[in-house]
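Novice: Dropping a structure here in structure tokens format, bear with me for questions.
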Amino acid sequence: MRSNARNYYLIPYLAWIALFVVAPIALIVYYSFHDIEGGFTLDNYAKFFTPVYLKMALSSFWYALLITLFSLLVAYPTALILTRTKHKQLWLLLIILPSWVNLLLKAYAFIGLFGTYGLANALLETIGIGRKQILFTDFSFVFVAVYIFIPFMILPIFNSLEEMNKSLIHAARDLGASDWTTFRRVIFPLTLGGVKAGCQAVFIPALSLFMLTRLIAGNRVITLGTAIEQHFLVTMDWGMGATIAVFLVIIMALIMVVTGQGRGSIR
Amino acid sequence: MNPAGKRSWSGLYLFVVFAILYAPILYLVVYSFNSGGTMHGYEGFTLEWYGEVFSDVRLLIIVLNTLVIALLSSAISTVLGVIGALAIYRVRRQQSRNALLSLNNVLIVSPDVVIGASFLILFTMIGLQLGFISVLVAHIAFSVPIVVLMVLPKLQEMNPSLLDAARDLGASGWGVLTKVVLPVIRPGIFAGFFMALTYSLDDFAVTFFVTGNGFSTLSVEIYSRARQGVSLSINALSTLLFLVTIALVIGYYLISLRNSRPAEGGQSR
């Protein structure tokens, strides 16, 4: 077509893509084949398949899975209830509002909340359980991560619930389905797109968390993200860091392919 | 269970979710007024920590840096993003358009640690010194795709006969762009700008990688202070930031409200 011949807009845009999308990926791959001295090597990949790194990758996966699962368990009922409230757009806005607060501040707040004399421990004491070490445990890490990711899980589920044809629910009821059957056989399958999108939006960032592992988990948990940060900024072994980054990108791409870029995932 | 009982249970559930969502923020705000100096054991009301924030020149410079970076990067990335959206819009072949969109989305779905690390390599390779410029460039780079995604739907909603009409009436390419296209897609441009602004203000991971030694943004500063333990001036600062966030959200909400009105008039719902 006529306008296709002179699409000058493409020049700056393609320049941006080349410089900040293609080049960084290429550089990460390039560095993953080089050691600290800059010589070509496959050692980084060999090292990744040693028990140390595989164990780290597995535990990173495990935590991300837990975080995604708990987010889903909390988010789905919340989204479902939200769609049935009056002023649901306002409630939704209120759910999203905390996600606009700087991530670091929320993490910092939990240092106070979960501290030895913090609110959480004060509550435990009044119930009669007594003070516990909450901060710097696996529990606090998963809890805070779920807290941070929950709006990103609620939003796509809420949207898919809203898009669903409501008359299907009435139809199920009329045909004598119980609430639970209606949910299991009608509502949940129809909102699977939103669930997948939400899981994507939580699982991938959960794999790469590194700030929370330091502030909340007190370096007890090492995720792939923490390892990358460690290699790039502490030990300066960029090659190994890049190798882990390559694996993270591959895992991410795999997850995107497996969960499918269905209708829900575009938003 | 009767409907009323069910409703009260779901109300309770929602209440608990909201309580947990807002507890940390309120906790920070409440203790920013604590004269005790710790985040437990409320002793008395004080504005001491706010005074400390406003007398901390280093912190104020960092706040200023953060704002300058956010405004500059979102302005520049809005321009680039609009150009990008126009570029994608003009590509007629479905395949190339999809390819461009996929490339566009790479930075949105990539883990920020990977983005940070790869930008660090890139800047080191180019020889760009880490500091203000590197942070600015990184923020522009990761904000562009968001703007593209906000603007592109508006372009696709635009009635193409508007363009034909403008050309038939003798408008130049530039005239069509500034008099027809840009006004039509303005809601998308504003939304993109706001999203870029919040992404920039909120970013920690990417900035942390490319910030170098001398330069710092608020997120990075809070991180390094939080690692040293609790200090209530961070609480005071976060209260102020929370107020700014709410103001931004209200602004964004009002803009989207104004945007949705004409659209609703056009489409019968």
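Novice: Can you report the number of residues in the range B:61-96 which are away from every other protein chain (no Cβ under 11 Å) and over 18 Å from B:VAL135 (Cα atoms)?
Specialist: Matching residues across the range B:61-96 total 2.
Novice: Now, a different point. If A:LEU82 meets every condition in (1) within 9 Å of another protein chain (Cβ to nearest Cβ); (2) touching a Cys at 6+ places or on another chain (Cβ under 9 Å); (3) not basic (Lys, Arg) apart from one, which number is that one?
Specialist: Single failed check for A:LEU82: (2).
Novice: In the range A:215-249, which residue that is within 19 Å of the chain's Cα centre (by Cα) and more than 26 Å from A:LYS106 (Cα to Cα) is surrounded by the most Cβ atoms within 10 Å (Cβ to Cβ)?
Specialist: Looking at residues that are within 19 Å of the chain's Cα centre (by Cα) and more than 26 Å from A:LYS106 (Cα to Cα), I get A:ALA245.
Novice: Take the residues in the range B:78-105 that are under 20 Å from B:THR178 (Cβ atoms) and hydroxyl-bearing (Ser, Thr, Tyr), then tell me which one is modelled with the highest pLDDT. Step through it out loud before you land on a result.
Specialist: Going through the range B:78-105, the residues under 20 Å from B:THR178 (Cβ atoms) turn out to be B:78-90.
Now drop any that are not hydroxyl-bearing (Ser, Thr, Tyr), which leaves B:78, B:89.
On the way: B:THR78: 96, B:TYR89: 92.
Top of the filtered list is B:THR78.
Novice: Next up: Any residue that is touching a Lys or Arg at 6+ places or on another chain (Cβ under 8 Å), over 23 Å from B:ILE234 (Cβ atoms), within 12 Å of chain A (Cβ to nearest Cβ) and in a helix (DSSP H, G or I) - is there at least one of those in the range B:8-16?
Specialist: Within the range B:8-16 (the criterion being touching a Lys or Arg at 6+ places or on another chain (Cβ under 8 Å), over 23 Å from B:ILE234 (Cβ atoms), within 12 Å of chain A (Cβ to nearest Cβ) and in a helix (DSSP H, G or I)), the answer is yes, since at least one residue qualifies.
Novice: Tell me whether the range A:155-174 contains one or more residues that are polar (S, T, N, Q), crowded, with 20+ Cβ neighbours inside 10 Å and part of a helix (DSSP H, G or I).
Specialist: Step one: of the range A:155-174, the residues polar (S, T, N, Q) are A:159-160, A:165, A:167.
Still in the list and also crowded, with 20+ Cβ neighbours inside 10 Å: A:159-160.
Narrowing the set further to residues that are part of a helix (DSSP H, G or I) leaves A:159-160.
Yes, there is a match, as at least one residue in the range A:155-174 is polar (S, T, N, Q), crowded, with 20+ Cβ neighbours inside 10 Å and part of a helix (DSSP H, G or I).
Novice: Let me ask you something else. Return only the number of the condition from (1) polar (S, T, N, Q); (2) assigned to a helix (DSSP H, G or I); (3) within 11 Å of chain B (Cβ to nearest Cβ) that A:THR116 does not satisfy.
Specialist: Answer for A:THR116: the failing condition is (2).
Novice: Can B:ASN104 be described as of a type in the set (S, T, N, Q) and either within 10 Å of chain A (Cβ to nearest Cβ) or touching an Asp or Glu at 6+ places or on another chain (Cβ under 9 Å) (or both)? Steps first, please.
Specialist: Numbers: of a type in the set (S, T, N, Q): yes; either within 10 Å of chain A (Cβ to nearest Cβ) or touching an Asp or Glu at 6+ places or on another chain (Cβ under 9 Å) (or both): yes.
When the stated conditions are applied, B:ASN104 passes them.
Novice: Also: Being modelled with pLDDT of 90 or more, farther than 29 Å from B:GLY188 by Cβ and within 9 Å of another protein chain (Cβ to nearest Cβ) narrows it down to one of B:TYR31, B:TYR22, so name that one. Lay out the reasoning, then the answer.
Specialist: On the way: B:TYR31 fails: modelled with pLDDT of 90 or more.
Being modelled with pLDDT of 90 or more, farther than 29 Å from B:GLY188 by Cβ and within 9 Å of another protein chain (Cβ to nearest Cβ) holds for just one of B:TYR31, B:TYR22, which is B:TYR22.
Novice: Which members of the range A:125-166 meet the condition of being among the hydroxyl-bearing types (Ser, Thr, Tyr), in contact (Cβ under 8 Å) with a residue 60 or more places away in the chain and closer than 21 Å to A:GLY198 by Cβ? Don't jump to the end; show me each part of the working.
Specialist: Filtering the range A:125-166 for residues among the hydroxyl-bearing types (Ser, Thr, Tyr) gives A:126, A:137, A:140, A:147, A:160.
With the extra rule that they be in contact (Cβ under 8 Å) with a residue 60 or more places away in the chain, the set shrinks to A:137, A:140, A:160.
Scanning the range A:125-166 gives a single hit, A:SER160.
Novice: Looking at B:SER219, is it in a helix (DSSP H, G or I), more than 11 Å from chain A (Cβ to nearest Cβ), under 14 Å from the mean Cα position of the chain (by Cα) and crowded, with 21+ Cβ neighbours inside 10 Å? I'd like the intermediate steps shown before the answer.
Specialist: Numbers: in a helix (DSSP H, G or I): yes; more than 11 Å from chain A (Cβ to nearest Cβ): no; under 14 Å from the mean Cα position of the chain (by Cα): yes; crowded, with 21+ Cβ neighbours inside 10 Å: yes.
Here the answer is no, as B:SER219 does not meet what is asked.
Novice: Any residue at all in the range A:46-67 that's within 12 Å of chain B (Cβ to nearest Cβ), among the hydrophobic types (A, V, I, L, M, F, W, C) and surrounded by 11 or more Cβ atoms within 10 Å (Cβ to Cβ)? Break it down into steps so the answer makes sense when it comes.
Specialist: To start, the set of residues in the range A:46-67 that are within 12 Å of chain B (Cβ to nearest Cβ) comprises A:60, A:64.
Add one more test, that the residue is among the hydrophobic types (A, V, I, L, M, F, W, C), and what stays is A:64.
Adding the requirement that they be surrounded by 11 or more Cβ atoms within 10 Å (Cβ to Cβ) leaves A:64.
Yes, the range A:46-67 contains a residue that is within 12 Å of chain B (Cβ to nearest Cβ), among the hydrophobic types (A, V, I, L, M, F, W, C) and surrounded by 11 or more Cβ atoms within 10 Å (Cβ to Cβ).
Novice: Hey, among the residues in the range B:34-53 that are facing chain A (nearest Cβ under 9 Å) and free of Cβ contacts under 8 Å to residues at least 12 places away in the same chain, which one's nearest to A:ILE81 (Cα to Cα)? Don't jump to the end; show me each part of the working.
Specialist: Step one: list which residues in the range B:34-53 are facing chain A (nearest Cβ under 9 Å), which gives B:38-41.
Filter once more, so that each one left must be free of Cβ contacts under 8 Å to residues at least 12 places away in the same chain: B:40-41.
On the way: B:HIS40: 34, B:GLY41: 36 Å.
Applying the filter and picking the extreme gives B:HIS40.
Novice: From the list A:MET252, A:MET240, which one is within 9 Å of chain B (Cβ to nearest Cβ) and either hydroxyl-bearing (Ser, Thr, Tyr) or out of contact with any Cys (no Cβ under 8 Å at 6 or more places or on another chain) (or both)?
Specialist: Details: A:MET240 fails: within 9 Å of chain B (Cβ to nearest Cβ).
On inspection, the qualifying residue turns out to be A:MET252.
Novice: Go through A:PHE136, A:PHE114, A:PHE141, A:PHE110 for me and flag whichever is out of contact with any strand residue (DSSP E or B) (no Cβ under 6 Å at 6 or more places or on another chain) and under 30 Å from B:ILE250 (Cα atoms).
Specialist: One residue alone meets the criteria, A:PHE110.
Novice: Further, regarding this structure: Which residue, of A:LEU72, A:LEU135, A:LEU90, A:LEU123, is touching a helix residue (DSSP H, G or I) at 6+ places or on another chain (Cβ under 7 Å) and assigned to a helix (DSSP H, G or I)? Full working, then the answer.
Specialist: Values: A:LEU135 fails: assigned to a helix (DSSP H, G or I); A:LEU90 fails: touching a helix residue (DSSP H, G or I) at 6+ places or on another chain (Cβ under 7 Å); A:LEU123 fails: touching a helix residue (DSSP H, G or I) at 6+ places or on another chain (Cβ under 7 Å).
Going through A:LEU72, A:LEU135, A:LEU90, A:LEU123 in turn, the sole match is A:LEU72.
Novice: Which pairs turn up if I take residues in the range A:211-233 that are under 18 Å from B:ILE115 (Cβ atoms) and look for partners that are part of a helix (DSSP H, G or I) and of a type in the set (Lys, Arg) with beta carbon separation below 6 Å, at least 6 apart in sequence or on another chain?
Specialist: The qualifying pairs do not exist here.
Novice: Still on this structure, I have one more. Which ones in the range A:93-124 are in contact (Cβ under 8 Å) with a residue 12 or more places away in the chain, hydrophobic (A, V, I, L, M, F, W, C) and surrounded by 18 or more Cβ atoms within 10 Å (Cβ to Cβ)?
Specialist: A:ILE95, A:LEU103, A:LEU104, A:ALA107, A:PHE110, A:ILE111, A:PHE114, A:ALA120
Novice: Looking at the range A:85-103 only, could you name the residues that are of a type in the set (Val, Ile, Thr) and facing chain B (nearest Cβ under 8 Å)? Walk me through how you get there before you give the answer.
Specialist: Step one: list which residues in the range A:85-103 are of a type in the set (Val, Ile, Thr), which gives A:85, A:95-96, A:101.
Correct list: A:THR85, A:ILE95, A:VAL101.
Novice: So A:ALA75 ticks every box in (1) away from chain B (no Cβ under 11 Å); (2) in contact with a Gly (Cβ under 9 Å, 6 or more places away or on another chain); (3) in contact (Cβ under 8 Å) with a residue 60 or more places away in the chain but one. Which box is left unticked?
Specialist: (1)
Novice: Additional query: When only residues in the range B:165-207 that are assigned to a helix (DSSP H, G or I) and of a type in the set (D, E, K, R) count, which is surrounded by the fewest Cβ atoms within 10 Å (Cβ to Cβ)?
Specialist: To start, the set of residues in the range B:165-207 that are assigned to a helix (DSSP H, G or I) comprises B:165-168, B:173-202, B:205-207.
Narrowing the set further to residues that are of a type in the set (D, E, K, R) leaves B:167-168, B:179, B:186, B:202.
Values: B:ARG167: 14, B:ASP168: 9, B:LYS179: 13, B:ARG186: 14, B:ASP202: 18.
Out of the qualifying residues, it is B:ASP168.
The values are calculated or read from the model by the stated rules, or taken from the named source; none is laboratory data. Just so it is clear, the model here is predicted, and its values are computed rather than measured. No Cβ is skipped: glycine too gets one built from the backbone with ideal geometry, and neighbour counts run over all protein chains shown.
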